[in-house]
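Novice: What follows is a single structure, and I will ask about it in a moment.
Just so it is clear, none of the values below were taken in a lab; they were calculated from the coordinates. The structure presented is a predicted model; accordingly, all values stated were derived computationally and were not measured. We place every Cβ from the backbone using ideal geometry, glycine too, and count neighbours over all the protein chains shown.
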Amino acid sequence: MNDLARKGGIAASIVLILFGVAAVAVGFAARDTVRSDLAREQIVGTPDSSIPGQKVDTGSEAQAFAAVMRKHTLEATGGQTYAQMDRFLDASGKPTSDEAQAATDPKSGEPVENPARNIWISSTAFQTALNTAYFAESITTFVMAIGGALLLIGIGFLVLTVRLLRTRTGSEPVVKPAAAVPAAG
């Protein structure tokens, strides 16, 4: 039974070590993908951001740029979010939600949409992508940490298995317990 436990312990240790190494490798590769995809977009922090003039190529920089984008979008929409804006523009260019009062596009005959809502949609899509990059990079860091933990656990388990469950080869000395010394009394 001791030999079976030893072999099982060694096998489990090897599996933990392999999973740890794989998780660390996958985490590094995924983080590099996130960072290279961000860098490819050539985004640079605006002067009023927390990363002025800095190229956005990490998750935390992407999150910072998304925050300044939201600020700019709110400035462009008069402080209104998509849900707060009227859907159309009337003949004088004022927002309205009443399709009957909306100006009509002479080419299509359709009501004229409020362009501020389109600004909001585009900005929100970009902010979501940037925040997703931040989230993805955070997950890769977590995966690398878990991989490191699995690696250490596997190594520790292997050391314990080999040390505590080693088979006797006959060359190892047998340690006899010390004789009990009677208490003086």
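Novice: Subtract the Cα-Cα distance of ALA25 and LEU165 from 0.36 nm times their separation in residues, and report this length gain in nm to one decimal.
Specialist: Answer, rounded to one decimal: 47.3 nm.
Novice: Could you give the length gained on full extension between GLU110 and ALA67, defined as 0.36 nm per residue of separation minus the Cα-Cα distance, in nm?
Specialist: Computed gain between GLU110 and ALA67 is 12.0 nm.
Novice: How far apart, in nanometres, would the label points at ASP48 and ASP98 be if each is projected 7 angstrom from Cα along the Cα-to-Cβ direction?
Specialist: Rounded to a tenth, the inter-label distance reads 3.5 nm.
Novice: Let me know the Kirkwood hydrodynamic radius for the stretch 94-159, please, with Cα pairs as the basis and the value in Å to one decimal. Don't skip to the answer; put the middle values down first.
Specialist: Values: mean 1/r = 0.0600 Å⁻¹.
Final number for the Kirkwood radius of the stretch 94-159 is 16.7 Å.
Novice: Once you treat every alpha carbon in the stretch 23-125 as an equal point and sum by Debye, what is log10 I(q)/I(0) at q = 0.12, 0.20, 0.23 Å⁻¹?
Specialist: -0.59, -0.95, -1.11
Novice: Report the longest stretch of the chain that contains none of the trypsin sites (Lys or Arg not before Pro) sitting in a DSSP loop with at most 13 other Cβ atoms within 10 Å.
Specialist: Looking at the chain, 1-106 is the longest stretch - no exposed trypsin sites (Lys or Arg not before Pro) with at most 13 other Cβ atoms within 10 Å.
Novice: For labels at ILE10 and ALA129 in the simple 7 Å Cα→Cβ model, what's the distance in nm?
Specialist: Spacing of the two 7 Å Cα→Cβ label points: 5.3 nm.
Novice: Regarding the chain, what are the three Cα extents along the principal axes, ordered largest first, in Å?
Specialist: If we take the Cα atoms of the chain, the spans are 108, 41, 36 Å.
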